[in-house]
Amino acid sequence: MEKTLIRNIEDAVKGLYGQVPDISKLQIQETRKEFEGDITVVVFPLLQYSKKSPEQTATDIGNYILDVNPGIDSFNVVKGFLNLRLNKRALMQVFNGLMQSGKKDFFSDNAGGAVTLVEYSSPNTNKPLHLGHIRNNLLGYSLSRILTACGHRVYKTNIVNDRGIHICKSMLAWKLFGEGKTPADTGIKGDHFVGKYYVEFENAYRKEIEKLVSGGLTPEEAAERSELMAEARELLRKWEAGDRETVELWQMMNSWVYEGFDATYRELGVDFDKIYYESDTYKKGREIISYGLKKGLFYKKDDGSVWVELSGEDLDEKLLLRADGTAVYMTQDLGTAVERYNDFSFERQYYVVGNEQNHHFKVLKIILKRLGYEWAGGIHHFSYGMVNLPEGRMKSREGKIVDADDLLATMFTTASEMSDELGKLHDFSREEKERIHRKIGLAALKYFILKVDPRKNMLFNPRESIDFNGNTGPFIQYTYARIRSVLRKAGEYEGKDGDIHDDPELNEKEKELIKLLGRFDDIIADAAEMLNPSIIANYVYDLAREFNQFYHDYSILGEEDVSVRLFRIRLSDISGETIKRAMWLLGIDMPERM
RNA sequence: GGUUCAGUAGCUCAGCUGGAUAGAGCAACGGCCUUCUAAGCCGUAGGUCGCAGGUUCGAAUCCUGCCUGAAUCACCA
């Protein structure tokens with residue numbers, strides 16, 4: 001419709017004023033609710049061609065469109081705004097188009113699409129996942145689905161940070177205090193089990209430092225003198241040297257962590273096509289760095305550390321390899337990027353990583369380009385904001401975190417309590433009920449996080465943030481469940497599969513629904529272009545709200561006119577499908593009943 | 001100090017590639033279940049869009065300066 005209008009306007013300006021307008025400046029928008037009409041053309045940009053008043057120009061163009069466009073019934077002019085009224089024929093055309101395409105499979109036409117990698121999650125193996133990871137996972141998963149819907153061939157990847165001093169700390173604490181226990185012995189989930197020893201290390205280390213400081217050392221001297229830290233470093237050195245006992249311990253503890261992560265990922269409903277491990281890719285990173293050294297792209301300092309000079313890019317020099325030859329963050333990210341390209345020959349790669357890493361990814365891209373990798377132009381840091389608590393930033397060392405498993409469990413129990421109170425699922429088995437409660441709890445959490453613009457820091461208040469009413473996931477699910485309920489009952493009505501003979505007269509709610517539904521494809525494209533799932537979330541909320549108003553104001557199955565009833569059933573059907581598809585893009589499942 | 005991002009109702013957030021009288025939800029108050037699921041619908045109240053300039057027919061939106069907050073500029077990953 002919009003495209004037709006743009007052509008109409010172009011023709012109008014040519015015909016009326018003898019000039020070719022710059023259509024990129026055209027402003028066409030939804031008519032605001034306070035005014036009469038459906039689509040509004042802002043005519044101010046056209047005054048330069050008409051050399052007439054805004055009102056006169058709008059009237060001229062309105063008349064022209066009325067003549068040539070059979071979908072427009074009437075128009076009115078308010079100041080410089082030309083409000084066009086769509087007729088039933090135009091709207092039914094949109095509706096019929098939706099009936100054709102509105103249920104199509106998002107995977108149907110991406111066989112030849114651009115190969116696109118999305119990296120997300122990126123956990124460290126020394127502690128369990130927390131709320132920050134949840135935001136990361138949800139954004140990554142949703143982004144993958146949105147890009148898929150836009151024709152990309154998407155591969156979801158994860159880089160597991162499984163090596164380094166942090167895991168050595170957990171290993172050391174387990175050796176010192178673990179008494180040979182395992183997650184199976186203690187009944188503690190593997191990632192929490194290992195995380196417990198990381199905390200024990202930090203506590204013991206802090207005590208050691210305090211003792212040294214009270215003995216008269218400065219904190220810096222104390223840190224250098226720390227035996228615990230020295231032992232942890234020794235473990236790291238042994239690990240890099242391939243010491244068998246150390247490597248076996250490392251493997252055992254990591255395997256515990258992975259069991260735990262897998263469980264959390266399963267609960268969250270996210271998955272990956274390929275998982276990379278830093279313990280593999282850092283080696284590749286080292287190779288790349290010696291190659292860069294040979295090429296003169298990097299340089300070695302006297303102590304043996306390797307650097308790259310970035311002052312030409314308004315940045316400082318950046319360390320690539322420590323003096324003792326061990327790897328840093330950048331080392332392994334260079335290796336991972338190259339391995340990924342070797343594996344996938346991707347056109348695009350999105351790194352879903354918090355905005356605290358903005359600098360890192362800027363540097364990563366520059367270095368890859370200097371190394372001559374042309375594909376480096378296709379990598380992009382999907383930078384998102386932090387999740388803050390009412391008391392400020394989450395700090396795992398101080399225990400001020402929201403644990404992912406705890407949070408998920410809370411969501412499920414809250415959903416159960418709420419549902420039991422309403423008592424609508426009394427005829428379901430316990431297992432069925434639980435499955436639905438999980439869907440609802442997850443939807444509440446996922447929607448809460450995804451409805452916020454990813455770039456922004458957001459606030460999570462454990463006591464107040466998770467709601468099940470209003471602009472929430474459960475509200476949208478509820479709308480869907482209502483629609484499904486109507487459609488189940490619609491089976492009893494005759495003529496369900498027949499044709500709608502005469503286009504029905506459309507009421508305001510039906511018109512609004514059709515217009516909203518007609519925008520869905522543009523919304524998906526917008527979300528993909530802006531890399532912003534919240535656009536989908538806000539759209540689906542508007543849609544659900546609009547449907548609830550329609551549902552409240554008009555009877556669907558109680559409508560006596562067969563043609564109108566059939567139309568409303570189908571409108572409900574397509575609304576439900578669109579809600580479901582939109583929520584799918586957010587990674588949120590819909591219950592048939594709730 | 002440099003760079004980047006943010007500041008909209010009591011709270012959480014939309015709106016930001018310039019368009020009409022700035023929107024939702026929560027919280028507060030008041031209505032609507034004998035009728036397709038009340039996790040719903042309707043209404044009341046709530047705003048100097050951080051501040052000051054500028055650009056223009058028009059600025060929450062663009063530009064400049066300032067204020068406030070966050071992140072980063074690390075041999076922690």
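The values are calculated or read from the model by the stated rules, or taken from the named source; none is laboratory data. In this text, all values refer to a predicted model and were calculated from it rather than measured experimentally. All Cβ positions, glycine included, derive from the backbone under ideal geometry; neighbour counts span all protein chains shown. We work out accessible area using only protein heavy atoms, side chains counted, and drop any ligands, DNA or RNA first. Shrake-Rupley method; radii C 1.70, N 1.55, O 1.52, S 1.80 Å.
In a shell of Cβ-Cβ distance under 12 Å around residue A:307, excluding residue A:307 itself, what net charge do Lys and Arg (+1) and Asp and Glu (-1) give?
-1
Just want the answer: with Cβ charges of +1 for Lys and Arg and -1 for Asp and Glu, which residue in A:298, A:543, A:401 is farthest toward the dipole's positive end in chain A?
Of the listed residues, the answer is A:298.
Just need the Rg to Rh number for region A:89-142, please, alpha carbons only, Kirkwood Rh.
Result for region A:89-142 is an Rg/Rh of 1.28.
Can you tell me the Rg and the Dmax, both Å, for the Cα atoms in chain A?
Cα only, chain A: 29.7, 93 Å (Rg, Dmax).
Where the convex hull is taken over the Cα atoms of region A:361-485, what is its projected area averaged over directions, in nm²?
11.8
Treating the angle as unsigned and between 0 and 90°, give the value, to the nearest 10°, between the Cα long axis of helix A:430-450 and the longest Cα principal axis of chain A.
Relative to chain A, helix A:430-450 is tipped by roughly 90 degrees.
Let me see the P(r) profile for region A:257-385: every Cα-Cα distance counted, bins of 10 Å, each bin given as a percent of all pairs.
Using 10 Å bins, I get a P(r) of 11, 39, 35, 12, 3, 0 for region A:257-385.
If I model a spin label as a point 7 Å beyond the Cα along the Cα-Cβ vector, how far apart are those points for residue A:55 and residue A:435 in nm?
6.4
Pick out, from A:70, A:178, A:118, the residue whose Cα sits farthest towards the positive end of the charge dipole of chain A, with +1 on the Cβ of Lys and Arg and -1 on the Cβ of Asp and Glu.
It is A:118.
Radius of gyration and Dmax for region A:229-300's Cα atoms, expressed in Å?
When restricted to the Cα atoms of region A:229-300, Rg and Dmax are 17.0, 49 Å.
Once label points are set 7 Å from the Cα along Cα→Cβ at both residue A:280 and residue A:182, what is their separation, rounded to one decimal in nm?
2.5
As a quick test, which of the pairs A:515/A:580; A:14/A:52; A:451/A:580; A:439/A:489; A:318/A:395 have an alpha carbon distance above 21 angstrom in this structure?
Listed pairs above 21 Å: A:439/A:489; A:318/A:395.
Keeping all protein chains in place, calculate the accessible area per residue for chain A (probe 1.4 angstrom), answer in Å².
Per residue, chain A has 48 Å² of solvent-accessible surface.
When the accessible area of region A:220-316 is split by element with a 1.4 Å probe, what percent falls to carbon and sulfur?
That fraction is 44 percent.
Tally up the carbon and sulfur contribution to the accessible surface of region A:18-130 as a whole percent, 1.4 Å probe, everything protein left in place. Don't skip to the answer; put the middle values down first.
On the way: 2820 of 5580 Å².
Carbon-and-sulfur percentage of accessible area, whole number: 50.
At a 1.4 Å probe radius, carbon and sulfur cover how many percent of the accessible area of region A:425-539?
On region A:425-539, the fraction of accessible area on carbon and sulfur atoms equals 43 percent.
Where Rh is the Kirkwood radius over the Cα pairs of region A:12-132, the temperature 20 °C and the viscosity 1.002 mPa s, what D in µm²/s does Stokes-Einstein return? Don't skip to the end; give the middle numbers.
Working: Rh = 18.4 Å.
Once the numbers are plugged in, D ends up at 117 µm²/s.
So, R0 is 30 Å and r is the distance between the beta-carbons of residue A:293 and residue A:259; what FRET efficiency does that work out to, to 0.05?
On the way: r = 40 Å, r/R0 = 1.34.
Taking R0 as 30 Å, the efficiency between residue A:293 and residue A:259 is 0.15.
Would you mind classifying region A:173-299 by shape? Square roots of the alpha carbon gyration tensor eigenvalues, ordered a ≥ b ≥ c; an a/c under 1.5 is rounded, otherwise it is prolate if a/b is larger than b/c and oblate if not.
Oblate.
List the aspartates and glutamates whose Cα lies under 15 Å from the Cα of residue A:362, skipping any in the same chain that are fewer than 8 positions away.
Answer for residue A:362, where 15 Å is the Cα cut-off: A:309, A:313, A:314, A:316, A:317, A:333, listed by chain and number.
As I understand it, the value is the acute angle between the Cα axis of helix A:54-68 and the longest principal axis of the Cα atoms of chain A; what does it come to in degrees, rounded to 10?
70
Please work out the C-alpha center-to-center distance from region A:234-254 to region A:357-422 and express it in whole Å.
Centre-to-centre distance over Cα atoms comes out at 29 Å.
Going by average Cβ density within 10 Å per residue, which order do the peptides A:156-166, A:396-406 take, highest to lowest?
Sorting A:156-166, A:396-406 by mean packing, highest first, produces A:156-166, A:396-406.
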